[in-house]
Each structure stands twice: as structure tokens, then as C-alpha cells.
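Visitor: What follows is a structure written as C-alpha cells; I'll ask about it next.
The values are calculated or read from the model by the stated rules, or taken from the named source; none is laboratory data. What you see is a predicted model; the values in this text were computed from it and never measured. Cβ coordinates were reconstructed from backbone atoms using ideal geometry, including for glycine residues, and neighbour counts include every protein chain displayed. Quick note on the areas: whole protein, heavy atoms, side chains included, nothing else; ligands and nucleic acids left out. Shrake-Rupley method; radii C 1.70, N 1.55, O 1.52, S 1.80 Å.
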There are 2 protein chains.
Amino acid sequence: MRDVAEHAGVSVRTVSNVVSGYPHVSATTRERVQRSLDELGYRMDFLAKGLRSGRTGFVALAVPFLAEPYFAELAQAVIGAAARRGITVLVESTAGDSEVERKILSGGLTNVADGVLFSALTLPAADVGSAVPDFPLVMLGEHSVGDHLPRVGIDNVAAARTAVAHLLDQGCRRVVALGRNASENGRQRTEGYRQAMAEAKVRRVNWFEVPVDDWTRAEGYAAVAELLEGDGPLPDGVFAFNDALAVGALRALDASGVRVPEDVAVAAIDDIQEAAYTHPPLTSVAPDLDAIAERALDLLEEQGRHKADDDDPAPVPGRQEATPFRLVVRASSQHRPAAG
Amino acid sequence: MRDVAEHAGVSVRTVSNVVSGYPHVSATTRERVQRSLDELGYRMDFLAKGLRSGRTGFVALAVPFLAEPYFAELAQAVIGAAARRGITVLVESTAGDSEVERKILSGGLTNVADGVLFSALTLPAADVGSAVPDFPLVMLGEHSVGDHLPRVGIDNVAAARTAVAHLLDQGCRRVVALGRNASENGRQRTEGYRQAMAEAKVRRVNWFEVPVDDWTRAEGYAAVAELLEGDGPLPDGVFAFNDALAVGALRALDASGVRVPEDVAVAAIDDIQEAAYTHPPLTSVAPDLDAIAERALDLLEEQGRHKADDDDPAPVPGRQEATPFRLVVRASSQHRPAAG
DNA sequence: GTGATCGTTTGCAACGATGCAAGAGCCAGT
DNA sequence: ACTGGCTCTTGCATCGTTGCAAACGATCAC
């Protein structure tokens, strides 16, 4: 920038004014500086700008596994929403490592990012306690830290209830819930399953919850394969807590010759792109990822503004925003067996 | 850091020495500073460090669509490899917008990242010409800019040839190549297909190339659906240029009641995780993503060092690194129809 | 003609860290 | 006792940019 100033015969400050669009710059000067800018191929140094102004224009997004379709699609949505606001996204993958997650929550990304969007899996709740971070932070999806942290995501209980109610509507009598684990997400979707089963007055003997460790295709496959090998009564419906589990379940059912949806109907949550191409296509609850991304960025900006205004106001009440979702019905759940 | 220095009763420079592990610091001082560090919850400012030292510890990864499984898995591999080196990855999604791609190549990410890994789809070859960027850059996969830019990826011709040869080995007589488009990648995989067909002395009448725009499930589905509706002779093998196309193809075949692999064998390239869970599981060529990520980062660091050494040496000859791949055979290609 | 006002431009300091080289204190060797 | 060499510590300048407020010149009203 110094070079540009010299080349244009003005002060560095004036160059800065031109670059940052300061209104009180004469047209002739602006043009001359602009020419020098182009000629010398000037590129702004983000670091210096960030250092001086305290804002970097970056937002960090931390997800457990970027290679999981759901998180990849979420990341894509966040990147798109951020791009519309002129914000760049820094994507971090925690690999479900609670050490990494703890570092992020304790501010490991501060002053490189203006804010952090955090989709936590195994959250080190104990370590975090009720401490409020000293930087803009919005949680995506459920977490177990407490409601003092702002959060954006679908209502998991309602989403699960919707999926299970749909299966019951289709005539299922014995619906298995596949996917309970240690996560808060797992707890809530289990709750939704139970509510739907209770509401439909399904007899307790037909309730069945299959636990897993992770919500992956492999675990879904293994769990259902084991279920089919067992000597218990077979289910006529499977509610998988996410699409990856459902994909694994479908594969296991297919491998065992169980027909979907004739023998077993399947529904899940996430509606990843893959869901439209499974065998058969998968019924799934679709969260509005764009809405999640937009709302999350709104909340981040809001926190950023509050920080700037006062010194330390009540740092934004932990708002819990529920974004819309809808049930996408595909072939995997469309059967109507004879009542029984 | 100033606060810490004051609190510990030393100069800021000494604090810096402790933080950066400078050896000549007495044990007592080090300990005292460390205590103040912890007590005040000091966190290093990456921006200031980067501004002063000229290195940020960031590497940018630009991919067309993060939501595409292949790129998501690639990103995960890069993030993992970078983490092992203490490098943080900044993921950018170009959305196949050549405007964005041009910006990246002209250095839009410089001085925020020490280097750029670029997986280009539609590359604005004309705009770039043979200009060598003034920052460390490594291309991932094929591109059409020319060989003056270093590149890491599998040998696409060989990979395609391997997949097609496998289908022919399985007894296929009429193999369709699905996926030719304007990309360099498409050109090369087409070339591999032709080589394999020629090598096996397949009669020209049985060669068939189906073009698409993008390598997505939707396009794969549409292309195969159209093929099945047509009145031409049906193929007994489909070679899809990537797994997404294959997934779409499998769905279309399934929907039309065509049996895989009995009627049509299918193979593709990428071996995304989803490939193991399709109906039936998909035979695919698996690139070694970890190797790609590691080599790419190696080349970046090498370029970084060269930059540091001299002023402007021949900026690293455009090395073209071919990483290993292997064919993963699954059910989608395992048939042996009667010779015909 | 003179002072007030406005638009435009500028100098200085600062953001938080590190490179450099010099200063302070200590010990051993002569 | 003096010097050289060592370890440990420090001050100063600097990276590229922007906030702040003053300075500058010109126009305007009286």
C-alpha cells in the first residue's frame, strides 16, 4: 500500500480511504489511486486489516466429521449463506475428539474468526460448565451444555415424532428406534419416538430401541444385521435416527432378502441427497439447512454487535431457535399391510 | 501479552520468548511467566503473529462442491493431514463458478493462507494462461491450465482403463461410458475407456459414450433413464466416470427392473463411502485420498521454502504427481454371462 | 475582505506479535 | 583485577492497515 501511495503521489491514508470506500475522496484522486492500484496489482492484507480493526470477516464452522454427508451439506449451506454476506468460512473438523471440542469452546479460534458455529457431538459438558464464552458462539443442533448457549436447529423431538407417526400411519405395528447413543441428539430423538409410540397407543411389547455408538452406515448395517439374526419378532418399521444409519439398515435388509417397504418400512432424519437414491428411496425428515445457516449467522452478528456496544452486557440470553423441517415421503415407507 | 508481562514483572519480549519456546530463558522466569499466562488466560493472536512473521499456518482448500461426497472426503483427508502438521485448513467452495475460481488463482486468498490447494472443475484456462502464481499453489486432480502448475492426483487414464478392463474381464461386451463432459477429467477418463475398449478389441459398434453436464446422481439417473427408454441395444456394462453418476445409474436401472449385475454390470471411480452401500454395492476405483493430501501438502511446503530461499527462482517445475489407486470390486460388477 | 464552513487530504499512533542486536549479570581463565 | 564468553533479558523498530483529529485549501456568506 505504501508503494501504491508513492506511485499515485498521495499518502497511504488516502489509498486506504479509496480502498475502503470512504465517501469524501475527490473523483480525480480516486481514479488516479485506482489506476495505481490496478497497475501494481495491489491486494489487501487481511491480517493487517483484521489486526487493526478487530474483525476478520471469518466465521469458523466446527463439525465432527466433514465426510459425513449431513455435515458436508450443512457446511455447504453455511458457506453459501456466509458468502452472501461477504463472510468467509473456516471449516474445522473435530473428529469427535472432545479435546479438540474443548479447545474450540475455550476460544481456540478466537481472533482468527469473528464468531464460531459449533456442531458438537460429544460435548465435554463437564469441562464447560455454565461458563459463557467471551466470543460470539452459536451451537448448531442439540448439545448438552445447557441452554445458556444460543442454539439453532430443528426440534429433534418433534422431528422424530413426525417420522415415527408417519410409520405408524402407514400401518406399522412394531417400530424399532435405531440409533440411541450418548449424545443429546440421541436422547431427544428417542424421546420423540416414545412420544409417537405412546400417542398411537402402541403396546409396550412392540417398542424396541436399538443402541449404537455412532450414527454411521456401518453401525446401521451391523445393528440391523444383528437384529435380523436374533430370534425376536421382526419389526415392520424402522425409524433410524439419521440417514446414514438408515442407509446401513437398508443395505442389511436388502442383503437378508427382507423387502422394503413391503416387509419393513423405513424412515429417518436428515434427508441427505443420498436419501433419494437408496434402494428404495428413503423417507426422511428434511431440516431446512439454509434456514439454519442464515439464522445462525444472524445470531452471530447479533452477538458481535452486543459485544461492540457495551462492555459486558448480559451476553445475549441463550436463545434456542427451532428452524422448520418437513417430512419427505419416498418409497421406503409406503406400504399398507393388512391390519394386524 | 502486555498485561501478562506486567503481571509477571518482565518485558513483553520475555513473554514472547517463553511462549515461542526460546531456549535461553531461566527456569524460574519461565515458570513465573507461565503462571501469569495461565492466570490471565492468555491466547496468542494469530493475526499479529501472522502479520509479523509472514506465515499464518493456514492452507486454503478450494473445491467445487463441498456437499459432493468425493470432495467432502477429500476435504476430510486434507484436514487430517494438515492437522498432523499443525496446519489449519480454510475450506472454500467455488460452486463451479469460474469467476470465483479465477479470483482464487489470481491470489484472492494470499496472505490469509500460506498456500492454496485447488481442485478445479471448470477452469478458466484462457484467463490464467501460462502465468505462474506468486504464491504456493498445488492443483488437485486434473485441470486444463497446463503442466506448469504442480498437480497431485491419480492417473485418470489409467484409472478409467482399469475399471473398464475389469468390466470386460467380467464378460461385458457392450460397455457404456457415462460422464463425458467439458472437463479435463472427463476427457481423460474417456481416453482411458477408449484405450481399454481398443485393447480388448471390442468392436466399434459396441462402444458408446453418453455425455452429461455434471457428475451428479441426478445426471446419472437422467442419462441412464433416457438410455433405457431408447430403442438402441441395451448395454451389458456401465462405466460411470464417478460414483455419483453410478449411484444415479443404479437407481435408474433399479427403477426399470434391470438387474445389476446380472443384466448390466456397473463400475465407477472415486469409491466414496456411499459406494459400499448401494444396491448392489458398487465396484469402484479408490484413489488414496490420504496420499493425495500428504503429497499435496509436501509440495506446498516445498514451494514455500523455495519462495523463502531465493527471490524468484524457477518457481518449482510443474511437477505432476500421480498417486496410487486400487480397484475395489463389489457386487455390482460380478457377473459372468455366457459368452456371446 | 474576512471569518466560518465544508470537503478533502494527511500525519501520527496503534493493533499484538517477533527479528535484531545490544545490555546486564555472572563465571572462569589469565 | 581485568577480560572474554556465556546466559538471560530487554528496547526498539517493524509488519500493513485503520481510527482519530488536525491541517489544508476552497467556497460561501456576511
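Visitor: Among (1) among the hydrophobic types (A, V, I, L, M, F, W, C); (2) within 12 Å of DNA strand C (Cβ to nearest atom); (3) within 14 Å of chain A (Cβ to nearest Cβ), which single condition is residue B:91 missing?
Guide: (2)
Visitor: Given the conditions (1) surrounded by fewer than 24 Cβ atoms within 10 Å (Cβ to Cβ); (2) within 11 Å of chain A (Cβ to nearest Cβ); (3) not acidic (Asp, Glu), and given that residue B:34 satisfies all but one, which numbered condition is not satisfied?
Guide: Checking residue B:34 against (1) surrounded by fewer than 24 Cβ atoms within 10 Å (Cβ to Cβ); (2) within 11 Å of chain A (Cβ to nearest Cβ); (3) not acidic (Asp, Glu), the one that fails is (2).
Visitor: List, please: which pairs have Cβ atoms under 6 Å, are six or more places apart or on different chains, and start with a residue in region B:282-299 that is within 22 Å of residue B:239 (Cβ to Cβ) and of a type in the set (S, T, N, Q) and end with one that is open to solvent by less than 10 Å² (accessible area, probe 1.4 Å) and in a helix (DSSP H, G or I)?
Guide: Short answer, once both residue conditions are applied: B:283/B:332; B:283/B:333; B:284/B:243; B:284/B:275.
Visitor: Could we say that residue A:261 is on the phi < 0 side of the Ramachandran plot, open to solvent by 10 Å² or more (accessible area, probe 1.4 Å) and within 13 Å of another protein chain (Cβ to nearest Cβ) here?
Guide: Details: on the phi < 0 side of the Ramachandran plot: yes; open to solvent by 10 Å² or more (accessible area, probe 1.4 Å): yes; within 13 Å of another protein chain (Cβ to nearest Cβ): no.
Here the answer is no, as residue A:261 does not meet what is asked.
Visitor: Looking at (1) closer than 30 Å to residue A:110 by Cβ; (2) within 14 Å of chain A (Cβ to nearest Cβ); (3) not hydroxyl-bearing (Ser, Thr, Tyr), can you tell me which one residue B:137 breaks?
Guide: (2)
Visitor: Taking the conditions exactly as written (within 14 Å of chain B (Cβ to nearest Cβ), part of a helix (DSSP H, G or I) and either more than 12 Å from DNA strand D (Cβ to nearest atom) or open to solvent by 30 Å² or more (accessible area, probe 1.4 Å) (or both)), does residue A:62 satisfy them or not?
Guide: Criteria not met by residue A:62.
Matching residues to (1) of a type outside the set (Asp, Glu); (2) assigned by TED's automatic domain parsing to the domain that holds residue B:228; (3) surrounded by fewer than 20 Cβ atoms within 10 Å (Cβ to Cβ):
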site: B:132; (1), (2), (3): yes, no, yes
site: B:142; (1), (2), (3): no, no, no
site: B:145; (1), (2), (3): yes, no, no
site: B:169; (1), (2), (3): no, yes, yes
site: B:175; (1), (2), (3): yes, yes, no
site: B:179; (1), (2), (3): yes, yes, no
site: B:187; (1), (2), (3): yes, yes, yes
site: B:190; (1), (2), (3): yes, yes, no
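Visitor: Failed condition for residue A:24, given (1) within 11 Å of DNA strand C (Cβ to nearest atom); (2) more than 14 Å from every other protein chain (Cβ to nearest Cβ); (3) at pLDDT 90 or above, with all others met?
Guide: (3)
Visitor: Is one or more of the residues making up region A:195-211 closer than 24 Å to residue A:145 by Cβ and in contact with a Ser or Thr (Cβ under 9 Å, 6 or more places away or on another chain)?
Guide: No, region A:195-211 has no match at all.
Visitor: Return yes or no: is residue A:6 among the acidic types (Asp, Glu) and within 11 Å of another protein chain (Cβ to nearest Cβ)?
Guide: No: the conditions fail for residue A:6.
Conditions tested, residue by residue: (1) surrounded by fewer than 16 Cβ atoms within 10 Å (Cβ to Cβ); (2) of a type in the set (Ser, Thr, Tyr).
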position	(1), (2)
B:49	no, no
B:53	yes, yes
B:67	no, no
B:74	no, no
B:81	no, no
B:88	no, yes
B:91	no, no
B:105	no, no
B:114	no, no
